[in-house]
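What follows is a short report on a single structure.
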Amino acid sequence: MKKSYKIMIAIAAVIVIAVGGFFMVYRSSVSPLTSESNQITFNVAENTAPNTILDQLQEQGVIKNSFFSRLLMRLKNLSNIKAGVYILDSSWSSEEVLTYINDASNAESDEVLMTIPEGLWSKDIAAKIEELTNVSAQECLDLWNDETFLREMIDKYEFLDESILNDAYHVKLEGYLYPNSYFIYRDTTAREVTLRLLDGFDTIYQSLKEDIEASDYSVHELVTFASVVQFESGNPDDMPIIASVFTNRFEAGMKMESSVTVCYALYDEFNDFQDCETNPDIESLYNTYLYDGLPVGPVNNPSLDALNAVLHPADTEYYYFISDVYGDQKLIPAKTYEEHLANVEKYLK
């Protein structure tokens, strides 16, 4: 009995010490990172998970430990974090930080960070704007097809011309809504957001202006070509090779025959890439299996890498390529049709 009692006392002591040690570590981990004031601008992006926000707070030097701050967040019911831009201080405890960003009135302004991925369709950009602001996707799409507005933009931006007024286009500003991260106001207008995106493109255009003027392409042709390259691969290393394949095909009098142009031709009926491969005969000016040269207009909003790839394609003798969609997504180019068919059989059978 005495032995069992001693064992029980020992176990209890270990538990008390362990709990006490854990509590000490916990208190230390949620205490201020520094004793001196150090203000940090921190953006809480829309729809970001609370745990992810805590990881970002630790990475940016606002809090000590995201793991123990998660425990605190649950214990104190502080997971209702509001999107916005906040001025935080690393001399605050985790509880002070979480309390502060649970209150939207503490946000510096009614701004949110909108990130537009490279190669996104304009209608998807419009949906993202609707998600983050008071502006509906349809308002954006209507504006992007409004001839009066577009003519005003043609006068404002030197990279735009009447090429964008083609009635065959799904969205007339497709290609020029530059993919980047932008701080935008929640309470805004379709016009204000659009000007931000066009200003983003203008910055890129100005950096490429000399190369564009030295090329054989108009700005609209360049954007259209780059959008196809972007759609074919999001890998910047592959883009110059893809651009070279299409350039070689054009010089040889061959059609572009890019399946991604079929994707865009399908538009609302497009669900996955199998649809693009099985509809090469769809009647559309975007379909480069039916029509010579570039598609009638851009098929997405391309990146700087894609624009540069068209301006500076690789020097190759390739006329075909596939991507190993069932493997590591690597680009597999070919010089001859026979070699191309062998690659299709090997990688896409």
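The values are calculated or read from the model by the stated rules, or taken from the named source; none is laboratory data. Since the model is a prediction, treat every value here as computed from it, not as a measurement. Quick reminder, even Gly has a Cβ in these numbers, built from the backbone with ideal geometry, and neighbours come from all protein chains shown. Calculation scope for accessible area: heavy atoms of the full protein, side chains included, ligands and nucleic acids excluded. Shrake-Rupley method; radii C 1.70, N 1.55, O 1.52, S 1.80 Å.
Mind telling me which of 73, 24, 114 comes out most flexible in a GNM of the chain, alpha-carbon contacts under 10 Å? With Cα springs under 10 Å in the chain, the top fluctuation among 73, 24, 114 is at 24.
Taking 0.36 nm per residue of separation and subtracting the Cα-Cα distance, what length does fully extending residue 277 through residue 49 add?
Value of the extension gain: 78.4 nm.
By definition, a body whose alpha carbon gyration tensor gives a ≥ b ≥ c is prolate when a/c is 1.5 or more and a/b is larger than b/c, and the chain fits this prolate description.
Of the residues 301, 287, 279, the one that moves most in a GNM of the chain with alpha-carbon contacts below 10 Å is 279. In this simple spin-label model, placing a label point 7 Å from the Cα along the Cα-to-Cβ direction at both residue 207 and residue 251 gives a separation of 2.8 nm. Suppose R0 equals 35 Å. What FRET efficiency, 1/(1 + (r/R0)^6) with r the Cβ-Cβ distance, do residue 168 and residue 110 give to the nearest 0.05? Approximately 0.35, to the nearest 0.05. Taken about its Cα centre, the chain carries a charge dipole of about 3100 debye when Lys and Arg each add +1 at the Cβ and Asp and Glu each add -1 at the Cβ. In the chain, taking the dipole from charged Cβ atoms about the Cα centre, the farthest positive-side position among 33, 87, 321 is held by 33. Report the one residue of 225, 127, 248 whose Cα lies farthest in the direction of the positive end of the charge dipole of the range 123-262 (charges on C-beta: Lys and Arg +1, Asp and Glu -1; origin at the Cα centre). Most positive-ward Cα: 127. Taking the centroid of alpha carbons for each part, the range 235-264 and the range 45-78 are 45 Å apart. Top mean-square fluctuation among 83, 306, 243, Gaussian network model of the chain, C-alpha springs under 10 Å? Per the Cα network of the chain with a 10 Å cutoff, 83 tops the list. Between helix 190-214 and the chain, what is the angle of the helix's C-alpha long axis to the longest principal axis, kept within 0 to 90° and rounded to the nearest 10? Rounded to the nearest ten degrees, it is 60. Placing +1 on the Cβ of every Lys and Arg and -1 on the Cβ of every Asp and Glu, with no other charges, gives the range 208-349 a dipole of roughly 120 debye about its Cα centre.
Summary of the geometry: the range 188-208 and the range 95-146, compared by the centres of their Cα atoms, lie 16 Å apart. Which FRET efficiency, nearest 0.05, do residue 161 and residue 291 yield, Cβ-Cβ r, R0 22 Å? E(calc), rounded to 0.05, equals 0.55. With the simple model of a label 7 Å out from the Cα in the direction of the Cβ, residue 269 to residue 348 spans 2.0 nm. The calculated FRET efficiency for residue 103 paired with residue 338, based on their beta-carbon distance and R0 = 51 Å, is about 0.15.
Please give the per residue accessible area of the range 287-349, computed with a probe of 1.4 Å over protein heavy atoms only, in Å². With all protein chains present, the range 287-349 gives 53 Å² per residue. Within the accessible area of the range 88-192, the carbon and sulfur atoms contribute 42%, probe 1.4 Å, all protein chains present. Rounded to the nearest 500, the 222 nm mean residue ellipticity of the chain from helices alone is -15000 deg cm²/dmol, with -39,500 (n - 2.57) taken per DSSP H run of at least 4 residues. Round to the nearest 10 and report in Å² the accessible area of residue 74, as given by a 1.4 Å probe over the protein chains' heavy atoms. Accessible area, nearest 10 Å²: 150 Å².
What shape does the range 263-349 have by the C-alpha gyration tensor, where a ≥ b ≥ c are the square roots of the eigenvalues, rounded means a/c under 1.5, and otherwise prolate means a/b greater than b/c and oblate the rest? Oblate shape, in that a/c is at least 1.5 and b/c is the bigger or equal ratio. Derived scalar couplings between HN and Hα for the range 87-101 equal 9, 9, 9, 6, 8, 8, 6, 4, 5, 5, 5, 5, 4, 5, 8 Hz in order, rounded to whole Hz, by the Karplus curve 6.51 cos²θ - 1.76 cosθ + 1.60 (θ = phi - 60°), x for Gly and Pro. Within the assembled protein chains, the solvent-accessible surface assigned to residue 92 is about 60 Å², based on a 1.4 Å probe.
Straight-line reach from residue 172: which aspartates and glutamates have a Cα under 12 Å away, not including same-chain ones fewer than 8 places off? Answer for residue 172, where 12 Å is the Cα cut-off: 142, 146, 147, 161, 162, listed by chain and number. What is the range 36-90 by shape, rounded, prolate or oblate, if you read a ≥ b ≥ c off the alpha carbon gyration tensor as root eigenvalues and call it rounded for a/c under 1.5, prolate for a/b larger than b/c, and oblate otherwise? Note, shape of the range 36-90 comes out oblate. In plain terms, the chain from residue 31 to residue 154 could stretch by 38.7 nm, reckoned as 0.36 nm per residue minus the Cα-Cα distance. Think of each Lys and Arg Cβ as +1 and each Asp and Glu Cβ as -1; about the Cα centre, that makes the dipole of the range 65-162 roughly 900 debye.
For a 4.7 Å threshold on C-beta separation, the list of partnerless cysteines in the chain reads 140.
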